[in-house]
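As structure tokens, the structure follows; a few thoughts come after it.
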Amino acid sequence: MNQKSFALPPSLYADTAPPPVATPALDADRNVSVAIIGGGFAGLSTALHLAEQGTDAIVLEAREPGWGASGNNGGQLNPGLKLDPDAVEATFGADLGRRMIAFAYNTPVFTFELIRRLGIACEARQNGTLRAACHESHAAAVETTAQQCIRRGMPVTVLDRNALREVTGTDRYARAMFDPRGGDVQPLSYARGLVRAALARGAAIHGQTPAMSLRREGGRWRIETPRAAVRAEKVLIATNGFSGDLWPGLSRTIVPLFSSIAATEPLPEEIARQVMPTRSVLYESGHITVYYRLDASNRLLMGGRGPMHWIRDPSAVAYLMRYAPKLWPALEGIKWTHGWNSRLAMTADHYPHVHEPAAGVLIYLGCNGRGVALASAMGQQLARRLTGGETAAIDLPITGIKPIRFHALWPLAVKSVVLYGRIRDRLGL
């Protein structure tokens, strides 16, 4: 795929989302309070919340808003962080740790309320998230996570194999944690809805406008784009898996991974009733995660690790197409119509990162596969920090930029980790 192309990657979402709102390229210099670089969920949500506060903000997106992982992910709104609550508190202390946990586990609630408030039509359904263990060896970890959540008063439950058979339609899973706060959306429809809402409230959004350089000039920040410059009091960089060299060392703080999705044709009603009958979303608890959901048109969307390059059809992730009939034999021979992927950002410590490397510069990236709800909710917090400065507390730690050691070796390392993880998952280790 030509990375210079502004066209959306081919996907089921691109075929079914409402048309985009016009976000023409910036063609005249602008002076604003806040400039946001990156038109994904974090950037769009921040622009929306700034505009609602009366702060003039501009979003600069290299392609179309929602072009990256925001408009091409699995569509799951999953509560929590990668690490368990006890580990979060042990690392960050009682005060910040508890705030991080409360914030992260309620991000789906925030996002669904935002969608309802803005009236965004994006197939939003709050039918819960299942974190499911395939093997007894993984079931203990799921149980541990659930018990830590229960101790903190969260509305989660543990399901055994029999209960899981009822809610998933398969006997694959030994144990699962169910959190009713989770659910799903059509993510590109949601991204385009955020664009409409932000524009309606006064934010400026420009696609096809890559930020080419960022420098301090006369007490403000100057951003050069191909046809015009933006001068801003403050800047948010929210480029996630597409972070480059705009800020020194930033691209080496993440590992950009491709996550791939395959989608079936709409399933016949008699088959659809057998597959995830409660319409919860599910992600597997293992070393290499597979995740899936049935969408509003009864298509099965199944995702996981795939090639470390762009794909255009489901044959590139044939292992997902082989896996589905193992879960539900009725899917044998079903037609798979779409296969696509995008790049997301993983961090070495598995936490999202917030940086303030200079006065008036805020950076957010590293959603680690939880970006739909997490980035949406972070928009409110980032807006608060941008307007309130250092006195405005947010519910994530603000850390220094620390490039990953031996970062140049990450493509080889990722392939090795994926292969090793799949072997361990197959053996139940």
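The values are calculated or read from the model by the stated rules, or taken from the named source; none is laboratory data. Every value quoted in this text rests on a predicted model; they were computed, and no experiment measured them. All Cβ positions, glycine included, derive from the backbone under ideal geometry; neighbour counts span all protein chains shown.
Here are a few things to note about the model shown:
- Which listed residue, of THR144, THR111, is in a helix (DSSP H, G or I) and in contact with a strand residue (DSSP E or B) (Cβ under 7 Å, 6 or more places away or on another chain): THR111
- Members of region 215-246 found to be aromatic (Phe, Trp, Tyr) and over 22 Å from the mean Cα position of the chain (by Cα), listed by number: TRP221
- Which numbered condition GLY66 fails, given (1) touching a strand residue (DSSP E or B) at 6+ places or on another chain (Cβ under 9 Å); (2) on the phi > 0 side of the Ramachandran plot: (1)
- Cβ-Cβ contacts under 6 Å between residues 6 or more apart (or on different chains), taken from a first residue in region 287-313 that is over 27 Å from ALA124 (Cα atoms) to a second residue that is modelled with pLDDT of 95 or more, are listed as PRO307/ALA316.
- Residue, surrounded by the most Cβ atoms within 10 Å (Cβ to Cβ), within region 342-363, restricted to residues that are touching a Ser or Thr at 6+ places or on another chain (Cβ under 8 Å) and modelled with pLDDT of 95 or more: HIS353
- Some residue of region 37-55 being buried (at least 21 other Cβ atoms within 10 Å of the Cβ), polar (S, T, N, Q) and part of a loop (DSSP other than H, G, I, E, B): no
- Checking each residue in region 261-294 for being farther than 28 Å from ALA139 by Cα and assigned to a loop (DSSP other than H, G, I, E, B) picks out GLU265, PRO266, LEU267, PRO268.
- Residue within region 65-85 that is assigned to a helix (DSSP H, G or I), touching a helix residue (DSSP H, G or I) at 6+ places or on another chain (Cβ under 9 Å) and over 30 Å from ILE311 (Cβ atoms) present: yes
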